[in-house]
1. Inside the stretch 115-178, counting only strands (runs of 3 or more DSSP E) that do not spill past its ends, which hold 1 or more residues that are more than 15 Å from residue 55 (Cα to Cα) and basic (Lys, Arg)?
2. Sort out which residues of the stretch 14-36 are in a loop (DSSP other than H, G, I, E, B) and either more than 18 Å from the chain's Cα centre (by Cα) or under 19 Å from residue 50 (Cα atoms) (or both), and write them in order of number.
3. For the stretch 49-87, enumerate the residues that are β-branched (Val, Ile, Thr) and within 20 Å of residue 106 (Cα to Cα).
4. Answer yes or no as to whether residue 75 is over 17 Å from residue 43 (Cα atoms) and surrounded by 13 or more Cβ atoms within 10 Å (Cβ to Cβ).
5. Checking the structure you have, find out if any residue of the stretch 77-92 is more than 15 Å from residue 179 (Cβ to Cβ), assigned to a strand (DSSP E or B), modelled with pLDDT of 95 or more and in contact with a Ser or Thr (Cβ under 7 Å, 6 or more places away or on another chain).
6. Go through the stretch 65-101 and report how many residues are of a type in the set (Asp, Glu) and within 24 Å of residue 120 (Cα to Cα).
7. Using beta carbons and a limit of 9 Å, which pairs, at least six apart or on different chains, have the first residue in the stretch 94-110 and over 18 Å from residue 72 (Cα atoms) and open to solvent by less than 30 Å² (accessible area, probe 1.4 Å) and the second one assigned to a strand (DSSP E or B) and acidic (Asp, Glu)?
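The values are calculated or read from the model by the stated rules, or taken from the named source; none is laboratory data. Since the structure is predicted, the reported quantities are computational estimates derived from the model, not experimental observations. Quick reminder, even Gly has a Cβ in these numbers, built from the backbone with ideal geometry, and neighbours come from all protein chains shown. Each accessible area value is taken on the protein alone, full model and side chains, heavy atoms only, with ligands, DNA and RNA left out. Shrake-Rupley method; radii C 1.70, N 1.55, O 1.52, S 1.80 Å.
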Amino acid sequence: MPPTPLPSPSFLLQCHPDGADPCVAAICVSLDRRPDGGLALAWRLEGSMDGLRVPEPGSALPRERLWAHTCCELFVAPEGGEAYREFNFSPGGQWMAFDFSAYRQRAADPQLPAPRLSLGREKAALTLTVALPAACLPAGECRLALSAVVELADGSHRYWALRHPPGRPDFHHRDGFALVLKGPTP
């Protein structure tokens, strides 16, 4: 399937078909390339927030396992290679980046400037905004995967992505890298 170009700054994620989400009705992600080459992103979860486990701002979770809780994720792969970077952004304010040399082959964790995260809560919505510095991204054209893990109050998880590959939920699968992001223009 060809990648989806970036004609619009907002994208609707889909819940993985193996498990309907009884609490979250929709997740929309907005994405804008900033003039300095960085990205401004916002994940908006809409639905019954009372049925979710959401890390509170300032809560200390193991950074290596942010994905095991409600978490927003971005995967970035330079065009033409197997390497990619995974970002995990927690509503609690923590973040983590992982580098991979190929599919699920961990490389050394990158030393990157910290993104700015902020959380907005409403009765029926949660919005996590991220300002990701340009130094966190490859210089040229790349492919992106947008996703989110939702932890329900009972401890079970639902997996949301712009595009799911066949089979079990797998955000690392290259079929999920559905967007093309052009390099910044001078």
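1. Filter on the stretch 115-178 gives 116-122, 142-151, 157-161.
2. 17, 18, 19, 20, 21, 22, 23, 35, 36
3. Result: 76, single match.
4. Against the criterion (over 17 Å from residue 43 (Cα atoms) and surrounded by 13 or more Cβ atoms within 10 Å (Cβ to Cβ)), residue 75 does not qualify.
5. no
6. Total satisfying the criteria: 2.
7. Listed by first residue and then by second, the contacts come to 100/86; 110/99.
Let's see how each residue does on (1) open to solvent by 80 Å² or more (accessible area, probe 1.4 Å); (2) farther than 15 Å from residue 160 by Cβ:
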site: 10; (1), (2): no, no
site: 21; (1), (2): no, no
site: 24; (1), (2): no, no
site: 41; (1), (2): no, no
site: 59; (1), (2): no, yes
site: 80; (1), (2): yes, yes
site: 83; (1), (2): no, yes
